[in-house]
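A short worksheet on the structure shown next.
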Amino acid sequence: MQLAGILEPLEVKGLEFKNRIVMPPMYTGLATSEGAVTEELLEHYVQRSRALGLIIIEHSFVVREGRLGQRQLGCDNDSSITGLERLSSSIHASGVPVVLQINHAGRSADPNITGSQPVGPSPNGTVRELKVDEIKKIVRRFAEGAERAMRAGFDGAEIHGAHGFLLNQFLSPLTNHRTDQYGGSLENRIRFPLEVVEEVRAKVGGRLLLYRLGSDDLDPQGIHIKQSQKFAVKLEEAGIDIIDVSGGLCGSRPPELQDVQGYFVPQAQKIKEVVEVPVIGVGGIEDPEYADELILEGKVDLVAVGRSLFKDSEWAKKAIQKLRGR
């Protein structure tokens with residue numbers, strides 16, 4: 001059977017993506033200082049959405065204490081819903097499904113912005129260790145953020161578990177040194193992320209639920225792909241519809257990998273080997289023909305193109321024209 005290419009549609013839970021090109025979440029710094037949608041942010045996404053299969057809106061903080069940027073988008077209170085609804089409806093007018101990524105920065109949160117001490121799985125310098133009751137509260141805040149996204153008309157939510165943010169910090173043995181039920185074994189280290197998935201799944205209902213997986217810390221002592229494969233199976237069992245594979249504590253753009261396209265595609269391939277749900281591959285992808293090959297060869301199901309779309313809002317349109325011309 002001939003495999004689909006990047007221009008072929010894909011249906012997930014009754015929602016059709018017209019092609020396999022995904023715009024991944026990238027911080028724009030275009031929200032207000034309170035985390036609300038602005039005209040600039042709206043225009044940024046509308047310009048880039050028209051030719052895409054799926055768009056994932058940049059990480060939105062679920063609680064003020066988990067903010068990373070001064071002008072980061074937020075979904076931490078009901079006042080955010082009106083702006084988020086304008087955003088989702090504007091993108092839907094282009095005929096493109098859209099999901100909102102939700103996040104807590106954990107120990108990466110900026111105390112100059114939050115006005116509070118950063119928190120994480122374990123103490124580290126100025127970082128305070130989260131108590132169990134605080135973990136439970138953050139689980140609820142993720143769920144509340146997802147519920148607001150649903151009320152704002154999004155087609156789903158993506159839980160951010162990569163790039164060294166809070167859920168990734170619990171997963172990685174480099175940052176999680178706990179000795180309670182949330183630390184130690186892999187089973188314990190994935191407990192908090194899976195609790196978030198369970199609660200968010202309940203709020204998302206029949207709509208899409210994605211998980212951005214920090215699959216590799218690029219450190220011998222950190223999280224590695226075999227552990228991430230085990231976690232991916234658990235994510236699928238917990239109801240995740242799409243797994244978006246990226247870097248762990250190494251971040252989204254590790255310097256040692258910048259000389260190749262698709263630098264996290266090998267990790268995505270390994271995840272695809274163990275799950276049935278669609279997998280997104282990412283990593284400095286610029287060439288439409290290379291992106292097409294990734295789909296044709298069955299390495300991934302969807303291709304995320306970030307920086308190229310960030311620099312050129314017409315990248316997807318040009319890519320489609322080039323591939324059809326070929």
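The values are calculated or read from the model by the stated rules, or taken from the named source; none is laboratory data. Predicted, not measured: the structure shown is a model, and the values here were computed from it. Note: ideal-geometry Cβ built from the backbone for every residue, glycine included; neighbour counts use all protein chains shown.
Does Gly95 fit the bill of being within 24 Å of Leu302 (Cβ to Cβ), in a loop (DSSP other than H, G, I, E, B) and touching a Ser or Thr at 6+ places or on another chain (Cβ under 8 Å)?
On the way: within 24 Å of Leu302 (Cβ to Cβ): yes; in a loop (DSSP other than H, G, I, E, B): yes; touching a Ser or Thr at 6+ places or on another chain (Cβ under 8 Å): no.
So Gly95 does not fit the description; no.
Those residues that are assigned to a helix (DSSP H, G or I) and either touching a strand residue (DSSP E or B) at 6+ places or on another chain (Cβ under 7 Å) or more than 17 Å from Val119 (Cβ to Cβ) (or both), I need them from segment 135-161; list them, please.
Passing the criteria: Phe142, Ala143, Glu144, Gly145, Ala146, Glu147, Arg148, Ala149, Met150, Arg151.
Do we have any residue at all in segment 173-185 that's out of contact with any strand residue (DSSP E or B) (no Cβ under 7 Å at 6 or more places or on another chain), farther than 19 Å from Gln267 by Cβ and not in a loop (DSSP other than H, G, I, E, B)?
First, the residues of segment 173-185 that are out of contact with any strand residue (DSSP E or B) (no Cβ under 7 Å at 6 or more places or on another chain): 173-174, 176-185.
Filter once more, keeping what is farther than 19 Å from Gln267 by Cβ: 176-185.
Add one more test, that the residue is not in a loop (DSSP other than H, G, I, E, B), and what stays is none.
No, because not a single residue in segment 173-185 is out of contact with any strand residue (DSSP E or B) (no Cβ under 7 Å at 6 or more places or on another chain), farther than 19 Å from Gln267 by Cβ and not in a loop (DSSP other than H, G, I, E, B).
Can you tell me which residue in segment 51-80 is surrounded by the fewest Cβ atoms within 10 Å (Cβ to Cβ), limited to those that are touching a Cys at 6+ places or on another chain (Cβ under 8 Å) and either in a helix (DSSP H, G or I) or among the hydrophobic types (A, V, I, L, M, F, W, C) (or both)? Can you show your working first?
The first filter runs over segment 51-80 and keeps only residues touching a Cys at 6+ places or on another chain (Cβ under 8 Å), leaving 60-62.
Filter again for either in a helix (DSSP H, G or I) or among the hydrophobic types (A, V, I, L, M, F, W, C) (or both), leaving 61-62.
Details: Phe61: 27, Val62: 29.
Among residues in segment 51-80 that are touching a Cys at 6+ places or on another chain (Cβ under 8 Å) and either in a helix (DSSP H, G or I) or among the hydrophobic types (A, V, I, L, M, F, W, C) (or both), the one surrounded by the fewest Cβ atoms within 10 Å (Cβ to Cβ) is Phe61.
Rundown of residues vs (1) of a type in the set (Phe, Trp, Tyr); (2) assigned to a helix (DSSP H, G or I); (3) surrounded by fewer than 19 Cβ atoms within 10 Å (Cβ to Cβ), yes/no style:
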position	(1), (2), (3)
Asn188	no, yes, yes
Glu198	no, yes, yes
Ala202	no, yes, yes
Arg212	no, no, no
Gly222	no, no, yes
Ala232	no, yes, no
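Look at Glu16 and say whether it is assigned to a loop (DSSP other than H, G, I, E, B), farther than 17 Å from Asp312 by Cα and not basic (Lys, Arg). So that I can check it myself, show each step before the final result.
Values: assigned to a loop (DSSP other than H, G, I, E, B): no; farther than 17 Å from Asp312 by Cα: yes; not basic (Lys, Arg): yes.
When the stated conditions are applied, Glu16 does not pass them.
Please name all residue pairs, on different chains or six or more residues apart, with Cβ atoms under 6 Å, provided the first residue is in segment 15-29 and is among the charged types (D, E, K, R) and the second residue is at pLDDT 95 or above and surrounded by fewer than 17 Cβ atoms within 10 Å (Cβ to Cβ).
Glu16/Pro9; Lys18/Pro9
What pairs come out if I take residues in segment 207-222 that are more than 18 Å from Phe17 (Cα to Cα) and pair them with residues that are of a type in the set (D, E, K, R) whose C-beta lies under 9 Å away, six or more apart or interchain?
From segment 207-222, the pairs are Arg212/Glu158; Arg212/Asp244; Leu213/Asp244; Ser215/Lys270; Leu218/Glu256; Gly222/Asp216.
Only one residue in Val274, Val260, Val245 is assigned to a loop (DSSP other than H, G, I, E, B), closer than 28 Å to Ala4 by Cβ and in contact with a helix residue (DSSP H, G or I) (Cβ under 8 Å, 6 or more places away or on another chain), so which one is that? Give the derivation first.
Details: Val260 fails: in contact with a helix residue (DSSP H, G or I) (Cβ under 8 Å, 6 or more places away or on another chain); Val245 fails: assigned to a loop (DSSP other than H, G, I, E, B).
Matching residue, one of Val274, Val260, Val245: Val274.
Report yes if Gln267 is of a type in the set (S, T, N, Q), closer than 22 Å to Ile190 by Cβ and either in a loop (DSSP other than H, G, I, E, B) or at pLDDT 95 or above (or both), otherwise no. Spell out the reasoning first.
Working: of a type in the set (S, T, N, Q): yes; closer than 22 Å to Ile190 by Cβ: yes; either in a loop (DSSP other than H, G, I, E, B) or at pLDDT 95 or above (or both): yes.
Against the criterion (of a type in the set (S, T, N, Q), closer than 22 Å to Ile190 by Cβ and either in a loop (DSSP other than H, G, I, E, B) or at pLDDT 95 or above (or both)), Gln267 qualifies.
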